[in-house]
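Asker: Okay, here's the structure, questions in a sec.
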Amino acid sequence: MGKEVKKKKKKKTPVKGKKKKPAAGKRKKTQKGKEVRFSLKKFLLWTAFSLILAIVFILIPEKTDRALLDDRITLDQKAAEPKTEIKVKPVEKKEPAPDDNFDYFKRSLMINGNLRKYFHTKKISRTMVDEIFEEKTKGKRRFLYTTFNIQLTDNFDLNRTSKEIIKTIKDNGGRIKDTYTYHIGKREIITFYVSAFDQITHFFSIEKGLAEALHDGKSPVIAILIDDCGYLPPKYFSLLEGYENIDLAILPHTPYASQMIAFAQKNNNEVMLHLPMEPKNSSQATDKGMIFADFKEDKIRKLFQENLNFVPVAVGFNNHKGSKVTSDKRVLEVLMEVAKKKDLFFVDSRTTSTSVGYESAVKAGIPSIKRDVFLDNSSSEAYIIGQFHNLFKIAYIKGYSVGICHMRKSTLETFSKVFDEIRALNIRVVPVSYIIENKEKLRNNGKKEIPENLKKMLANIEED
């Protein structure tokens, strides 16, 4: 048999107008499908682009407008609120610290010379200005210390004139310190100090009003009683020179008691015995010659006399510490009995609010008085001067006042400033005994009752 001959398949000729269907699962993309997909993609792109344009041109401006509106509302609200003025202190130009060659004396002269020019320009006559100057030395420093007491007539404005004087001082290198204003009766007084760097060189008292004459019964008086004398060495006594009528209360058994007595007699100071008495705090009961509350009468008399032997010129006494003894009537009766025989007066230092020292003295017929102010419970100069101001106020209210301070270098160094003010305020410093003897008459010097704030200050008692 012959080989089988395979028949060749004839290719079918496509009929015109008919499209060939692709096999299942292998359908080819048609041109129409491509067009549809392209249109969809184009639509999505256009939509996204439109959204971006909407954000840029509609939403952002709207949000910005709202923010601006909110800001405008906030600003309107702030504008409606009351404005708080913030004061900025001007920065003062400080001169460099002086070297060893700085001429304090020349600076003092320059201030004085330009002040005289100011007085001449403003027609402040010589009769209105009391100028006292003194050449001083402090260590290597040589300077001129000048006190100006200026009494203005009615055609001058006190505050404006004071400001002009202060400006003149500042323009010539002076610095203003410790400015105070007093209203005393019909008078108004402005006081201040001037320094060349750290050295006080001037004191000013500028006054306007009717000055009262310094006649007895018209001007207020103060007594200054210095406790604990006898401990500080004689080299410091010079700080008290020239301050007459101050009372010096000398502690017995102290190393410089006799030198203190000699100085007091030379300097015209009244001398008292600062009698040690037992305090409530037993740890403070350490002084020699101290009188204790449990002592018998004979021992109290004997010890009192022994203490007096250390200060034989004493004309009065006050308590050193003694918060326990001055509250004990039994011990006080014995002490007042001795004081009466010795013709002594008594000052109740009031180291405790429960003290009956003054009452016991009055009952025994002993001339007596209570202290008004403790002047130096702090060694700060500002504190001490402030306490002296309280003493002055009480004197103008009551007619007199009694202040107690201590024999300390820091306290004595304030006296130059304090006594400038005392003179400017027409206050007299008198011995304690003068006030005790003239209390009734001096009350006429006072202006009114003690105000509540001063009553509270007087009640603030601290252990001496």
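Throughout, read-outs are computed from the coordinates displayed, never taken from laboratory work. Quantities reported herein were computed from a predicted structural model and do not represent experimental measurements. Cβ coordinates were reconstructed from backbone atoms using ideal geometry, including for glycine residues, and neighbour counts include every protein chain displayed.
Asker: Near the amide H of H320, under 5 Å away, which other amide H atoms are found, from residues 5 or more places off or on another chain, if H is placed in the peptide plane?
Answerer: L275, M277
Asker: Simple spin-label model, 7 Å along Cα-to-Cβ: Q265 to F197 in nm?
Answerer: For the pair Q265/F197, the computed spacing is 4.5 nm.
Asker: While we're looking at this one, here's another question. Under a point spin-label approximation (7 Å from Cα along Cα-to-Cβ), what is the K409-A285 distance to one decimal in nm?
Answerer: Between K409 and A285, the label points sit 3.4 nm apart.
Asker: What length, rounded to one decimal in nm, is gained on full extension from A364 through to K122, with 0.36 nm per residue of separation minus their alpha-carbon distance? Let's see the in-between values first.
Answerer: Details: separation 242, 0.36 × 242 = 87.12 nm, distance 6.18 nm.
Between A364 and K122, full extension yields 80.9 nm more.
Asker: Please give the peptides 168-179, 245-256, 394-405, 419-430 ranked by average Cβ packing (other Cβ atoms within 10 Å per residue), highest first, as a rough proxy for protection. Please list the in-between numbers first.
Answerer: Details: 168-179: 16.1, 245-256: 21.5, 394-405: 23.7, 419-430: 19.2.
In descending order of packing, they fall as 394-405, 245-256, 419-430, 168-179.
Asker: Apply the Karplus curve 6.51 cos²θ - 1.76 cosθ + 1.60, θ = phi - 60°, to the phi angles in segment 414-424 and return the couplings in whole Hz, x for Gly and Pro.
Answerer: Result, ordered by residue: 7, 4, 4, 6, 4, 6, 4, 6, 4, 5, 5 Hz.
Asker: Continuing with this model, one more query. Give the relative contact order (percent, whole number) for segment 104-208; include only Cα pairs under 8 Å separated by 6+ residues. Write down the numbers at each step before the final one.
Answerer: Values: 175 pairs, mean separation 29.6, N = 105.
This gives 28 percent for segment 104-208.
Asker: Using the Karplus curve 6.51 cos²θ - 1.76 cosθ + 1.60 with θ = phi - 60°, work out ³J(HN,Hα) for each residue of segment 258-270 in order, rounded to whole Hz, and write x for Gly and Pro.
Answerer: Those phi angles translate into 5, 5, 5, 5, 4, 5, 4, 5, 6, 8, 6, 10, 6 Hz.
Asker: Could you calculate the contour length gain from S378 to E241, that is, 0.36 nm times the residue separation minus the distance between their Cα atoms, to one decimal place in nm? List each step's numbers first, then the result.
Answerer: Details: separation 137, 0.36 × 137 = 49.32 nm, distance 2.34 nm.
Working it through step by step, the gained length comes to 47.0 nm.
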